[in-house]
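Have a look at the structure below, then the notes.
The values are calculated or read from the model by the stated rules, or taken from the named source; none is laboratory data. These figures come from a predicted structure and were not determined experimentally. Here Cβ is always computed from backbone atoms with ideal geometry, including for glycine, and neighbour counts include all displayed protein chains. Quick note on the areas: whole protein, heavy atoms, side chains included, nothing else; ligands and nucleic acids left out. Shrake-Rupley method; radii C 1.70, N 1.55, O 1.52, S 1.80 Å.
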Amino acid sequence: MNIVYFWIMSFVYVISPGPAVLVVVNKGVNQHLHNVFYFLLGNSSGLLVLAVISSMGFLLFPNMYTYMNVFAVGYFFYMGVKLGFATISHTVKPVHTARSYTEGLFLSLTNPKAMLFMLAVIPQFTTTPSPLEYLVFGVMFVCISFSGLFIYGYFTNRAKRFLQNPFYVTVYNRLNGGIFIGFSIYILVYKVLS
C-alpha cells in the first residue's frame, strides 16, 4: 500500500509547478517533442545521481530519517501555501535541441524541489532507513518523473489556448496547494507526533 501512495504523491509532486515543469511546458509549447525527450533523459540522469547521494546519506547519518520527518512538515506546508497563492508568469526562455540533455541534467542537480523530494518525501514511505530501500524508491521516482513530465510536454503542445487562461492556472495551483498542505498535516499527525 505504501507504494501506491508513493506513486500518487510522486505524480502530484512531479506535475506541480516547478523548474522542470516550466522548462517542459516551454519545450512542449515552443519546440518539438524530441526536445522534451532529451531534456527528460538529462533530468532523469540527474535525479538518479541525487537518489544515490541521498541514499548514502542514511549510511553516514543514521538519524537523518527522524530529522527529515520534521523537515517534511514545514516544507510541504510551505509548498502548499506557495502553490495555493501562486501568481501566473508568462516568462519563457527558448532552449536549443543540442543543449536539452545538459540542461535537464543541470536543472535536476540544482533543483531544490528535486533535492527536497529525495530528502523529505522518500523517507515518508520507506519502512526502515535502509539505503537500498531508499534507492529503490528513488528509481521509482525517476520513472514517475520522466512519465509525468513527458505527458506534460505532450499535452502542452496541444493545449496552448488552455494554458493562456489565468482562471484555469489558478484553479490548478490551488488544488496542488491543498494537496501539499494536507500531506504536511498527515506527516505531522502520523509521523512526527505519534
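Quick notes on this one:
- For a label point 7 Å along the Cα-to-beta-carbon line of R158, residues of the stretch 12-28 with backbone N under 18 Å: 25-28
- Whole-angstrom gap from the stretch 140-183 to the stretch 1-35, using each part's C-alpha centre: 7 Å
- The listed residues I187, I53, I179, once ranked by accessible area (1.4 Å probe) with the largest placed first, stand as I53, I179, I187.
- Distance between the pseudo-spin-label points of I151 and W7 (7 Å out from Cα toward the beta carbon): 1.1 nm.
- When the stretch 125-183 is reduced to its Cα atoms, the Kirkwood hydrodynamic radius in Å: 14.2 Å
- Here the label points at I53 and T127, each 7 Å from Cα along the C-beta direction, are separated by 3.0 nm in the simple model.
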